[in-house]
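Below is one structure, written out as structure tokens; the observations come after it.
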Amino acid sequence: MPARVAWSGTAPRKAPEGPPRPECGHRNARARAVRTRPGERTLERMTRQAGPEGGTIERRVVLRGAAGALLGAAAAGCTGGGSPRHTPGSPSATASPTGSPVPGALPRTTPWRPTSAEVDPEVKLRAVQLVEAIGAWPAGKGGTAAAEARVAALRLPTGLVGQAGTLLPSADAAALQVVDAQYGGILTDASSVLVVCRQWTRHGARIVAGGTTVDVRLVRTGSAWTVTALHPAQPGAAVGSPSAAVRAVLADTRIVLPPAAEADLRSGLVHDSVPSAMLWLARTYRMEVSVVRSGHPLNVFGTNRPSDHPRGRAFDVWRIDGRAVVDPAAPRTLVERFMRDAAAAGSYNVGGPVQLSGGATSGQFFSDDTHHDHVHIGFLR
């Protein structure tokens with residue numbers, strides 16, 4: 001294990017005395033959320049995408065970081081196995097689909113589907129189907145009425161469309177790719193599924209890249225799950241000058257951020273313990289983050305205890321070195337080592353699919369069904 005180091009140059013804080021409480025909460029983090037403007041960072045790369053008619057287009061894509069609206073890259077298919085076959089997980093999301101124009105056609109996307117490795121595949125499938133139905137449409141099928149028709153076809157309440165927020169922007173057409181679907185909490189008859197997605201909208205000849213993370217709430221009725229509420233992510237406005245640690249994370253190619261998570265970091269509402277730990281872990285691993293602050297329940301699911309996520313003191317990782325945490329084929333030694341290294345990076349509260357022994361304090365490590373598909377890394381400050 002590498003020496004314990006924090007980006008700020010100081011040693012990471014140790015876990016407090018006394019058992020920590022497991023994370024992942026109950027209501028959507030919507031406090032202090034505002035619309036944002038595009039930021040200053042630009043990423044440029046060559047991409048090859050399938051056009052709407054089946055042809056392939058290769059072009060230089062320029063994505064500008066958004067202050068409160070994160071721009072998605074055109075990559076589709078970050079799934080459980082590390083390939084575009086959409087098993088446990090898929091592309092990333094933003095909190096508002098306002099982004100930089102990208103010339104070309106809408107990319108071809110793939111429906112995200114869970115695997116049998118999930119605690120409850122059906123609850124994730126139901127949540128994802130709704131987000132896909134609202135957030136993507138062909139030319140001439142935009143607007144509330146058309147979205148309600150798509151939702152009705154799923155036999156879900158059409159009133160959910162009114163809660164879609166930035167998932168349903170005004171555009172001629174839209175494509176949406178789910179990056180990952182993660183439990184925000186799962187109980188016997190209630191669940192929160194955090195659907196991370198990228199979205200591209202067409203406005204005349206312009207393609208705008210964006211996306212969001214949606215906290216989808218569901219309840220079980222009989223043997224089926226139904227959706228009761230949607231809470232799209234609402235990260236804060238970008239600060240003029242992010243911290244050195246945040247700037248380093250944004251430039252680190254070993255840290256993959258979905259748009260809402262990037263916007264969270266740019267907002268200045270995330271404690272530096274989070275980007276510092278990301279940088280420390282990125283020295284050893286390539287990690288794909290699912291959630292930081294926005295798009296996550298406010299409270300630990302099923303309780304009234306505040307979650308560390310909305311307070312900007314936690315982040316979740318759904319894929320490590322190309323292996324989805326939920327994938328049974330992912331080496332358990334990889335996940336266990338990552339969890340222990342997260343603790344060494346200063347986290348007082350590390351949750352995942354494996355119950356680890358030891359720790360700086362009793363209960364520093366925890367495991368439950370909610371954390372079957374990701375590693376939670378929380379901080380005191």
Take the conditions of a type outside the set (Ser, Thr, Tyr), at pLDDT 95 or above and either in a helix (DSSP H, G or I) or closer than 22 Å to Ala261 by Cα (or both) and apply them to Val208. Does it pass?
no
Exclusive hit being modelled with pLDDT of 95 or more and surrounded by fewer than 21 Cβ atoms within 10 Å (Cβ to Cβ), set Arg319, Arg313, Arg323:
Arg323
I'm told Gly240 meets every condition in (1) out of contact with any helix residue (DSSP H, G or I) (no Cβ under 7 Å at 6 or more places or on another chain); (2) touching a residue at least 24 places away in the same chain (Cβ under 8 Å); (3) among the small types (Gly, Ala, Ser) except one. Can you identify the failing condition by its number?
(2)
Answer from Thr333, Thr361 - the residue that is of a type in the set (Val, Ile, Thr) and at pLDDT below 95
Thr361
Total residues in segment 258-272, condition more than 17 Å from Arg313 (Cβ to Cβ) and in a loop (DSSP other than H, G, I, E, B):
1
When segment 362-381 is examined, which residues are found to be in a helix (DSSP H, G or I), open to solvent by 30 Å² or more (accessible area, probe 1.4 Å) and either touching a Pro at 6+ places or on another chain (Cβ under 7 Å) or of a type in the set (Phe, Trp, Tyr) (or both)?
His372
So, of the residues in segment 103-120 that are within 18 Å of the chain's Cα centre (by Cα) and surrounded by fewer than 20 Cβ atoms within 10 Å (Cβ to Cβ), which turns out to be farthest from Asp172 (Cα to Cα)?
Arg113
Could you tell me whether segment 216-230 includes any residue that is open to solvent by 10 Å² or more (accessible area, probe 1.4 Å) and assigned to a loop (DSSP other than H, G, I, E, B)?
yes
Are there any pairs, at least 6 apart or on different chains, whose C-beta atoms fall under 7 Å, with the first in segment 123-145 and under 17 Å from Ser192 (Cα atoms) and the second part of a helix (DSSP H, G or I), and if so, which?
Leu130/Val151; Leu130/Leu160; Val131/Leu167
Pick out the one residue from Gly351, Gly359 that is surrounded by fewer than 24 Cβ atoms within 10 Å (Cβ to Cβ), touching a strand residue (DSSP E or B) at 6+ places or on another chain (Cβ under 7 Å), of a type in the set (Gly, Ala, Ser) and touching a residue at least 40 places away in the same chain (Cβ under 8 Å).
Gly359
Check segment 181-198 and report whether any residue there is more than 24 Å from Asp120 (Cα to Cα) and of a type outside the set (S, T, N, Q).
no
Just a yes or no: is a residue in segment 121-137 outside any helix (DSSP H, G or I), modelled with pLDDT of 95 or more and farther than 22 Å from Tyr183 by Cβ?
yes
Determine which member of the set Val326, Val292 is within 23 Å of Val193 (Cβ to Cβ) and touching a strand residue (DSSP E or B) at 6+ places or on another chain (Cβ under 7 Å).
Val292
Out of segment 275-287, which residues are closer than 23 Å to Arg198 by Cα and either in a helix (DSSP H, G or I) or open to solvent by 10 Å² or more (accessible area, probe 1.4 Å) (or both)?
Pro275, Met278, Arg286
Within the bounds of segment 194-205, is there any residue that is out of contact with any strand residue (DSSP E or B) (no Cβ under 9 Å at 6 or more places or on another chain), more than 25 Å from Leu298 (Cβ to Cβ) and open to solvent by 30 Å² or more (accessible area, probe 1.4 Å)?
yes
Subset of segment 216-270, residues closer than 17 Å to Leu167 by Cα and charged (D, E, K, R), comes to Arg217
Given the structure, is Gln234 assigned to a loop (DSSP other than H, G, I, E, B) and crowded, with 24+ Cβ neighbours inside 10 Å?
yes
Of Thr226, Thr221, which residue is at pLDDT below 95 and under 24 Å from His372 (Cβ atoms)?
Thr221
Pro331 open to solvent by 10 Å² or more (accessible area, probe 1.4 Å) and in contact with a His (Cβ under 8 Å, 6 or more places away or on another chain):
no
Which of the following residues is in contact (Cβ under 8 Å) with a residue 24 or more places away in the chain, farther than 26 Å from Ile207 by Cβ and open to solvent by 20 Å² or more (accessible area, probe 1.4 Å): Pro169, Pro157?
Pro157
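The values are calculated or read from the model by the stated rules, or taken from the named source; none is laboratory data. Small disclaimer: the values here were computed from a predicted structure and weren't measured. Reconstructed Cβ throughout: ideal geometry from the backbone, glycine too, with neighbour counts over all protein chains shown. To get the accessible areas, we keep the full protein, side chains included, count just its heavy atoms, and leave off ligands, DNA and RNA. Shrake-Rupley method; radii C 1.70, N 1.55, O 1.52, S 1.80 Å.
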